[in-house]
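Just below is one structure, and these are the notes that go with it.
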Amino acid sequence: SDRGPLYGALRSGIALPGIISPVVSGNDLLVDGGVLNNLPVDVMRSSYAGIVIGSDVAPVKDLEFDPSMKEFPTLWSVLRQRLNPRNEPPKVPNILQILFRTSVLSAIHHQRVTQGDADVILRPPTDEYGIMQFEAIDEIVDAGYRYASEAIKEWPADLAVAALGDASAMPGCPLTG
């Protein structure tokens, strides 16, 4: 929905099915838009005129599983291995990671299909951070800012001006030199 209180929109942006409850809005249940469309460049292209810039922060590889394992370990075997200090715990995703990945599989497919609707796709280096790693927000913002500042320098001047407006009016903008 594009109407209603800001609180509801912000709160629904962190509502992950099975993890964080949805927001009730009239007859609707609102969840994070990333569940259905994690890179909504198609929505921007169809709704607004102008340059469309997508920011793709989805990890290239987000669930890791030890390929030498023949089956998923039981809860008891994982607990036994973790309690023994000489054993390295098995490399398996936890239940929250599995639930999240399951809930966004459709969005990942949709993202691959629609990313061509963007004029520019930015892919900041965020693969080392987990989706729930809120304590690293300052590092993540800083990494994204540094990446975007460098990426903008590579854009053709006409694209940069169309996307950002008059760069001379932006103090500190990397395009002003």
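Before moving on, here are some points about what is shown:
- Cross-chain or 6+ apart pairs with Cβ under 9 Å, the stretch 147-162 first and under 10 Å from I53 (Cβ atoms) and open to solvent by less than 70 Å² (accessible area, probe 1.4 Å), then acidic (D, E) and modelled with pLDDT of 85 or more: L159/D119
- Qualifying position, being at pLDDT below 85 and assigned to a helix (DSSP H, G or I), among G116, G172, G144, G130: G116
- Residue match in the stretch 28-38 (condition: more than 22 Å from Q111 (Cα to Cα) and either of a type outside the set (K, R) or touching a helix residue (DSSP H, G or I) at 6+ places or on another chain (Cβ under 8 Å) (or both)): yes
- Test: residue in the stretch 58-71 that is closer than 26 Å to A9 by Cα and either in contact with a Pro (Cβ under 8 Å, 6 or more places away or on another chain) or free of Cβ contacts under 8 Å to residues at least 12 places away in the same chain (or both): no
The values are calculated or read from the model by the stated rules, or taken from the named source; none is laboratory data. Keep in mind that what you see is a predicted model, and the values were worked out from it rather than measured. Backbone-built Cβ (ideal geometry, glycine too); neighbour counts: all protein chains shown. Protein only, heavy atoms only, side chains kept; ligands, DNA and RNA dropped before computing areas. Shrake-Rupley method; radii C 1.70, N 1.55, O 1.52, S 1.80 Å.
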